[in-house]
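No value in this document is a laboratory result; all are computed from the given coordinates. Quick caveat, the model's predicted, so the values are computed rather than measured. Here Cβ is always computed from backbone atoms with ideal geometry, including for glycine, and neighbour counts include all displayed protein chains.
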Amino acid sequence: MSKVKSGDRVKIHYSGSFEDGTVFDASEGRAPLEFTVGAQEVIKGMEDALIGMSPGESKKEVIAPERAYGMRNPEMAVEVERKNMPEDMAPVVGHQVKITQDDGSTIVAQVTAVTEEHVTLDANHPMAGKELTFDIELLEIIGA
């Protein structure tokens, strides 16, 4: 029976949860997730977990932050004076905003705090610093 190796295209069903058991994403009720192992289309820990699996096999994999969305970088959270925000913007905690950097590139940040004087923006991935648990079922190896 064939086993997954880097470069294989695969189809999986999965359920992802945090340490407290809260499910943050699952493919149940949707089409299976299809991607190429090693092409960085999913997090590194998911790719690593699939290597050596055979179709029909299932496993539970706990993925450390370094193999998922990385560790939180405190330098990516900044406090901005409200007077420096666009006048038509009404910042709300939890909303995402696009920020144009000096070089013209854009990043997405989440509003994490709002006061009369300041708005705190965090450009870390929302799952940075979190250990993730995935229940994975390999449905098919489509080929390389």
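Coupling constants for region 63-68 follow from the phi torsions by the Karplus curve (6.51 cos²θ - 1.76 cosθ + 1.60, θ = phi - 60°), and in residue order they are 10, 5, x, 4, 9, 10 Hz; glycine and proline get x. In sequence order, region 73-85 has phi-based couplings of 10, x, 6, 8, 10, 10, 9, 10, 5, 4, 5, 8, 8 Hz under the Karplus curve 6.51 cos²θ - 1.76 cosθ + 1.60, θ = phi - 60°, and Gly or Pro positions carry x. Sparse packing (at most 16 other Cβ atoms within 10 Å of the Cβ) combined with a DSSP loop state is found for the following trypsin sites (Lys or Arg not before Pro) in region 1-56: K3, K5, R30. Net charge of the neighbourhood of F35, taken over other residues with C-beta under 13 Å away and scored Lys/Arg +1, Asp/Glu -1, is -2. Taking 8 Å as the Cα distance limit and 6 or more residues as the minimum spacing, I'd like the relative contact order of the chain as a percentage. Computed value for the chain: 36 percent relative contact order.
When the chain is treated as a GNM, springs tying every alpha-carbon pair under 10 Å, which of M85, M46, M71 comes out with the largest mean-square fluctuation? Result for the chain, Cα springs under 10 Å: M85 fluctuates most.
The length gained on full extension between E140 and T106, counted as 0.36 nm times the residue separation minus their Cα-Cα distance, comes to 8.5 nm.
Between the amide H of G70 and those of G129, distances stay under 5 Å, these residues lying 5 or more places away or on another chain, with hydrogens modeled in the peptide plane.
Across region 99-115, computed HN-Hα scalar couplings (Karplus, 6.51 cos²θ - 1.76 cosθ + 1.60, θ = phi - 60°) run 10, 8, 7, 4, 7, x, 6, 10, 10, 9, 10, 9, 6, 10, 7, 9, 10 Hz from first to last residue, x flagging Gly and Pro. This model, with +1 at the C-beta of Lys and Arg and -1 at the C-beta of Asp and Glu, gives region 55-144 a dipole about its Cα centre of some 160 debye. Computed about the Cα centre, the dipole magnitude for region 75-122 is approximately 180 debye when only Lys and Arg (+1) and Asp and Glu (-1) carry charge, each at its Cβ. Just round it to a whole percent: the fraction of Cα-Cα distances in region 75-122 exceeding 16 Å. In whole percent, the long-distance tail amounts to 33.
Among V37, G21, T112, whose Cα sits farthest toward the positive end of the charge dipole of the chain (+1 at Cβ of Lys/Arg, -1 at Cβ of Asp/Glu, about the Cα centre)? Positive-most Cα among the choices belongs to V37.
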